[in-house]
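Colleague: This is the structure I have questions about; it appears just below.
The values are calculated or read from the model by the stated rules, or taken from the named source; none is laboratory data. Since this is a predicted model, take the numbers as computed values, not measurements. All Cβ positions, glycine included, derive from the backbone under ideal geometry; neighbour counts span all protein chains shown.
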């Protein structure tokens, strides 16, 4: 509450300026009672009012206020009227112009104040030595006030630059958060594509098999329906896990384990249960890899098997081989299906997604029909960060 009250007071410039002008008025009141400085009471009141009154608007109209108090002080000097405490208003106006306006206006205000100091020195002489001393003292006061105003102007400019930099950094941070969110959504979109495409392909194949076998082989049709049921549940569970990371109040998805190399056996068995003949072998010595690389390997094999299911045709056979080397893992998935003659609806994004995944880790991938029939997917993924693509 105190901070809010202070902010409200700071926004009321005339109120704050009146508060700082009050001490000048206060030091001028004793002379009003004693009739000092050779003024009649009415003349003194008018002079003090003319010098102190404009200070209430000194930050609202700094140049105008400074011009008014400087002009009144100049007329006072020309008329040989004695200086009064209210003449401090000139220094306050000098400070306000220097601190609040450009350097050019600050230098102009300094020149006006120096002219006033020179006029006061010659108008109120008390000996040649005293004149030099008086002028030097007045110059010191004027220069000190001007330097103080210049310092405050520089400090305010610095604070403004710091605030602008903080706001810019905050905007950049927000932009980085938005970019990270967009990247995460793109990753989830790729994951969903892989999950849905694979499992829906299995479901379609099993549904077709069940429709053919339902009248001649009820047991096989029931087995196909069981596979459809389990595949649907698996797809639904994976979709819930992936979409869970988008929910603000549900962190379970963010910590759910992602499939990796160890889950390839389960994937192959799942595909075999759909009727696809899959041969799976591993060569070389398995190397420890990050979870991200393992997920990439899993998705590449999954996408390649999905493509074989969708486009390979009937009685297609697939060979999956992982070959570990010292610095990289080679993934090779071959089938003997239709290959280049397979129909393409133009809606698939699996190959593009595989290229994006491999490119993240500096690897490369080649996916194309094989000479003589079939389709081959060959990918190479470095197993360490320092190993790039060949």
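Colleague: Please verify whether residue 165 is loosely packed, with under 10 Cβ neighbours inside 10 Å and free of Cβ contacts under 8 Å to residues at least 60 places away in the same chain, treating the condition exactly as stated.
Modeller: No: the conditions fail for residue 165.
Colleague: I've got another one for you. What number goes with the only condition from (1) surrounded by 13 or more Cβ atoms within 10 Å (Cβ to Cβ); (2) farther than 23 Å from residue 17 by Cβ; (3) in contact with a helix residue (DSSP H, G or I) (Cβ under 9 Å, 6 or more places away or on another chain) that residue 80 does not pass?
Modeller: (1) is the only condition that residue 80 fails.
Colleague: Counting just the residues of segment 281-302 that are touching a strand residue (DSSP E or B) at 6+ places or on another chain (Cβ under 8 Å) and buried (at least 18 other Cβ atoms within 10 Å of the Cβ), which one comes out farthest from residue 335 (Cα to Cα)?
Modeller: Result: 289.
Colleague: Taking the stated definitions as given, is residue 205 at pLDDT below 80, under 28 Å from residue 258 (Cα atoms) and more than 35 Å from the chain's Cα centre (by Cα)?
Modeller: The answer is yes for residue 205.
Colleague: Specify which of the listed residues (111, 81) is farther than 19 Å from residue 156 by Cα and free of Cβ contacts under 8 Å to residues at least 12 places away in the same chain.
Modeller: Checking each option against the conditions leaves just 111.
Colleague: Name every residue in segment 320-353 that is assigned to a helix (DSSP H, G or I) and at pLDDT 80 or above, in order of residue number.
Modeller: Hits for segment 320-353: nothing passes.
Colleague: Looking for something assigned to a helix (DSSP H, G or I) and modelled with pLDDT of 85 or more - is there at least one such residue anywhere in segment 244-261?
Modeller: Yes, there is a match, as at least one residue in segment 244-261 is assigned to a helix (DSSP H, G or I) and modelled with pLDDT of 85 or more.
Colleague: Count, please, the residues in segment 265-289 that happen to be closer than 30 Å to residue 203 by Cβ and not in a strand (DSSP E or B).
Modeller: Result for segment 265-289: 12.
One line per residue, one yes/no per condition, for (1) touching a helix residue (DSSP H, G or I) at 6+ places or on another chain (Cβ under 6 Å); (2) in the same structural domain as residue 43 (by TED's automatic domain parsing); (3) part of a helix (DSSP H, G or I); (4) over 28 Å from residue 46 (Cα atoms):
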{"site": "90", "(1), (2), (3), (4)": "yes, yes, yes, no"}
{"site": "96", "(1), (2), (3), (4)": "yes, yes, yes, no"}
{"site": "106", "(1), (2), (3), (4)": "yes, yes, yes, yes"}
{"site": "109", "(1), (2), (3), (4)": "yes, yes, yes, no"}
{"site": "112", "(1), (2), (3), (4)": "yes, yes, yes, no"}
{"site": "117", "(1), (2), (3), (4)": "yes, yes, yes, no"}
{"site": "130", "(1), (2), (3), (4)": "no, yes, yes, yes"}
{"site": "138", "(1), (2), (3), (4)": "yes, yes, yes, no"}
{"site": "150", "(1), (2), (3), (4)": "yes, yes, yes, yes"}
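Colleague: Continuing with this model, one more query. Every residue in segment 261-272 that is touching a residue at least 60 places away in the same chain (Cβ under 8 Å) and over 14 Å from residue 331 (Cα atoms), please.
Modeller: Correct list: 270, 271.
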